[in-house]
Amino acid sequence: MEKVLFEIEMEDGKVMKGEMYPEVAPVTVENFTKLIKDNFFDGLIFHRVIPGFMIQGGGHDVNMNHKECPSIVGEFKSNGVNNDLLHTRGVLSMARTMVKDSASSQFFIMHADSPHLDGDYAAFGKITEGLDVVDAIANVQTNFQDAPLQPVVIKTMRLL
């Protein structure tokens with residue numbers, strides 16, 4: 001299968017480019033691709049930022065209102081799916097609750113290697129350009145809930 005290329009343009013004009021791997025997580029990539037085509041992520045924020053770990057977005061607007069989206073199957077080893085993509089710096093993965101099949105639109109980008117997530121979260125892609133943007137987001141000031149004090153807004157996401 002071919003890699004699916006995408007771009008995240010931030011409100012400040014900075015850009016991250018990446019690729020998704022349908023052979024690793026086909027349901028996740030199909031869902032994420034559809035959300036991008038539907039402009040689902042436009043105007044949403046990175047609402048959880050933990051330097052040395054990850055930045056998480058794709059579920060809340062600037063007022064922290066949650067944007068709903070149907071859940072998909074969790075494509076990772078502890079859920080019976082063979083997914084060998086490791087949670088290394090730049091890897092894109094799906095956020096979820098304790099329920100293994102609860103991922104929907106929220107995703108996170110690894111700021112640093114986090115092997116404790118391997119096998120329990122659906123990694124499905126990687127940032128290939130713009131890791132400096134990931135670093136900048138990871139280092140914004142946050143409150144005690146790891147939410148940025150100033151909204152970090154996704155202007156748009158597009159397929160390339």
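Observations on the structure shown:
- Note: relative contact order over the range 14-64, using C-alpha pairs below 8 Å and six or more positions apart, is 24 percent.
- The residues neighbouring LYS126, those whose beta-carbon lies less than 11 Å from its own, together hold a net charge of +1 under the Lys/Arg +1, Asp/Glu -1 convention.
- Residues whose placed amide H lies under 5 Å from that of VAL152, excluding near-sequence neighbours: PHE46
- Spin-label pair LYS34/HIS66, simplified geometry with 7 Å Cα→Cβ offset, distance in nm: 2.0
- For the chain: span of alpha carbons on each principal axis (Å, largest first): 39, 32, 29
- The range 58-84 and the range 87-160: distance between their alpha carbon centers, rounded to Å: 11
- Within the same chain, aspartates and glutamates fewer than 8 places from LYS67 are excluded, and of the rest, those with a Cα less than 12 Å from its Cα are ASP42.
- Note: relative contact order over the chain, using C-alpha pairs below 8 Å and six or more positions apart, is 35 percent.
- The charge dipole of the chain, taken about the Cα centre with unit charges on the Cβ atoms of Lys, Arg (+1) and Asp, Glu (-1), comes to about 140 debye, rounded to the nearest 20.
- On Cα atoms only, tilt of 26-37 relative to the major axis of the chain in degrees: 30
- Karplus 3J(HN,Hα) series, Hz, for the range 145-151 with 6.51 cos²θ - 1.76 cosθ + 1.60 (x for Gly, Pro): 9, 6, 8, x, 5, 10, x
Each reported figure results from applying straightforward, stated rules to the coordinates on display, with no laboratory input. Since the model is a prediction, treat every value here as computed from it, not as a measurement. Cβ atoms come from the backbone with ideal geometry, glycine included; neighbour counts cover every protein chain shown.
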